[in-house]
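One structure below.
The values are calculated or read from the model by the stated rules, or taken from the named source; none is laboratory data. Keep in mind it's a predicted model, so treat the numbers as computed, not measured. Virtual Cβ from ideal backbone geometry, glycine too; neighbours counted across all protein chains shown. In case anyone asks, the SASA skips ligands and DNA or RNA and just uses the protein heavy atoms, side chains included. Shrake-Rupley method; radii C 1.70, N 1.55, O 1.52, S 1.80 Å.
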Amino acid sequence: MPKKTFFIILMCLGLTGLALWACEDGGSPANDANNINNVNNVNNVNNVNNTNNVNNVNNVNNVNNTTTLPTPDWTEATHGSSVDPDFTTVFPQESIQRFAITVTPEQWAILQQELDANLAGGRPTPGWEPGFVPCTVRYGDRDWYQVGIRVKGNSSLTATYSRGIEKFSFKLDFDEFEDTWPEINDQRFYGFKQLNLNNGFDDNSVIRERAASELFRAFGIRVAHTATAVVTIDVGDGPLNYGVYSLVEEVDDTVIDTQFTGDGNLYKPDGPAAAFAAGNFNEVEMVKKNNEDLADYSDVRALHTALHAVTRTTDPAAWRAGLEAVFDVQVFLRWLAANTAIQNWDSYGISTHNYYLYHDPDTGLLTWIPWDHNEAFTNGKDRGVLTLGMDEVNSSWPLIRFLLDDGVYRAAYEEHLRVFATEVFTPALMIPRYTALAALVRADAMAETAPRTFLRTPSDFDVAIDQLKAHVQTRQDLVMDFLGL
């Protein structure tokens, strides 16, 4: 039995009163109530929604799905896996994407019950990995079939749930259920297997994720593409507006394939080991996103070893050479300068997550890839933010402390700060960009309503945009003062 089908059956067995679920097929000719092959016909022996069907893929007794899934909208250019990712179509910069998602009431109940079971206590159940349920995604005049959808996030997911807000972040996987429905084998969305819909938690402007990603890219840092999307979800009573989302590219899907070459190890560190503190290396927390079967962590272990080499204090030149043999130091320093200038507190130096490391075969070096920027451009709430000089950072965060204690690397960091604050993150460039993004999303942001919004009042949006515009001038002034310019 395919493992994904077995997983769905186990979910079904473990949920009281939910022995059956299905996702709509996207509105094909099979919806004719008089068609004996109709997937929605309650008398059809092959009906995927028929509770008596022994071949029903959603029936707890099903062991062999023989039902054909109609896919009338499928073309190789839109759904196939042989095409290159179409960034122009999927991530337009001056228009808004609109996705209509349909989930059956039974499948939505599964998603909701999973949230209740794992978040109702105020903290996520340890080790919980949100599960996918199937849905239909409609974009333009086409449907994508039996797409996997699940909630995503860490503290933001818990906080969204605890506040009673229904605007969750979602991950879409277009061939998650290909074992169950072979007709969608290697289904893609214009070349993309997975996409993220980030809900803009605590971001009343709903543009921070995009703005930060654009800044990193402009500063020569490889990062996921982003765009703006508006989402509706229909769970049986008609489509409901879920509001404005940041559409974000998946790093282990197309970022690596299109911005790098080869098949190097990709990690998403999460947990104490992600700080790279002395004696704290843990392979389990160096979460591999590819090449899992190889169980080879020698590259990230080599970074830990080089970072903590005794030559750091006895022979700095040798220490730098050893570190630069395994880690792209300048990329990290460039990111550190940009990240600190814009104030992005939910990242390395305060949080032990929200970055990837990729072992680039072209250079042989681990390269830093930033992730998750909805908390950028703020003062960091109760956790604060790092100062430009970062004198408060201790050896618990050695990628900052050790590098900035070295005169050569300190000078490089300060030069990156200068360039970023005078050529990239400037009022002359950012205020018009904020104005343009605000004009793009304002009507849709204002159309959000409780419980599917983080805005308490519509005016919160305009206040947040004004704060962003004031923030860039304040931060540029502070950088210039810090550098004595």
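The table below gives the values:
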item	result
HN-Hα J in Hz across segment 431-447 - Karplus 6.51, -1.76, 1.60, θ = phi - 60°, x for Gly and Pro	4, x, 5, 4, 4, 5, 5, 5, 5, 5, 9, 4, 4, 6, 5, 5, 7
Between helix 407-419 and the chain: long-axis angle, C-alpha atoms, 0 to 90°, nearest 10	60
Longest exposed-site-free window of the chain, the sites being GluC sites (Glu not before Pro) in a DSSP loop that have at most 11 other C-beta atoms within 10 Å	95-391
Degrees separating the helix 208-218 axis from the principal Cα axis of the chain, which is the longest one	60
Relative contact order %, segment 273-394, counting alpha carbon pairs below 8 Å whose residues are six or more apart	22
Peptides ranked, highest mean first, by Cβ atoms within 10 Å: ranges 120-131, 136-147	136-147, 120-131
Per residue solvent-accessible surface (Å²) - segment 120-243, probe of 1.4 Å	33
FRET efficiency estimate (nearest 0.05) - Cβ-Cβ, Arg123 to Thr88, R0 51 angstrom	0.75
Phi-based couplings in Hz for segment 262-274 (Karplus 6.51, -1.76, 1.60; Gly and Pro marked x)	x, 9, x, 5, 10, 10, 10, x, 8, x, x, 5, 5
Phi-based couplings in Hz for segment 227-233 (Karplus 6.51, -1.76, 1.60; Gly and Pro marked x)	8, 10, 9, 10, 10, 10, 10
Cα centroid of segment 340-381 to Cα centroid of segment 158-173, whole Å	22
Relative contact order %, segment 155-209, counting alpha carbon pairs below 8 Å whose residues are six or more apart	32
Percentage relative contact order, the chain, counting C-alpha pairs under 8 Å, at least six apart	13
Separation of alpha-carbon centers, segment 221-275 and segment 464-485, rounded to whole Å	29
Long-range HN-HN contacts of Asp175 with modeled amide H, under 5 Å	Gly148
Long-range lysine pairs (8 or more apart or interchain), the chain, Cα under 18 Å	14
Projected label distance in nm at Ser95 and Ala439, using a 7 Å step from Cα toward the beta-carbon	1.7
Share of carbon and sulfur in the accessible heavy-atom surface of segment 157-304 [1.4 Å probe, %]	46
Angle in degrees between helix 3-13 and the longest Cα principal axis of the chain, rounded to the nearest 10	70
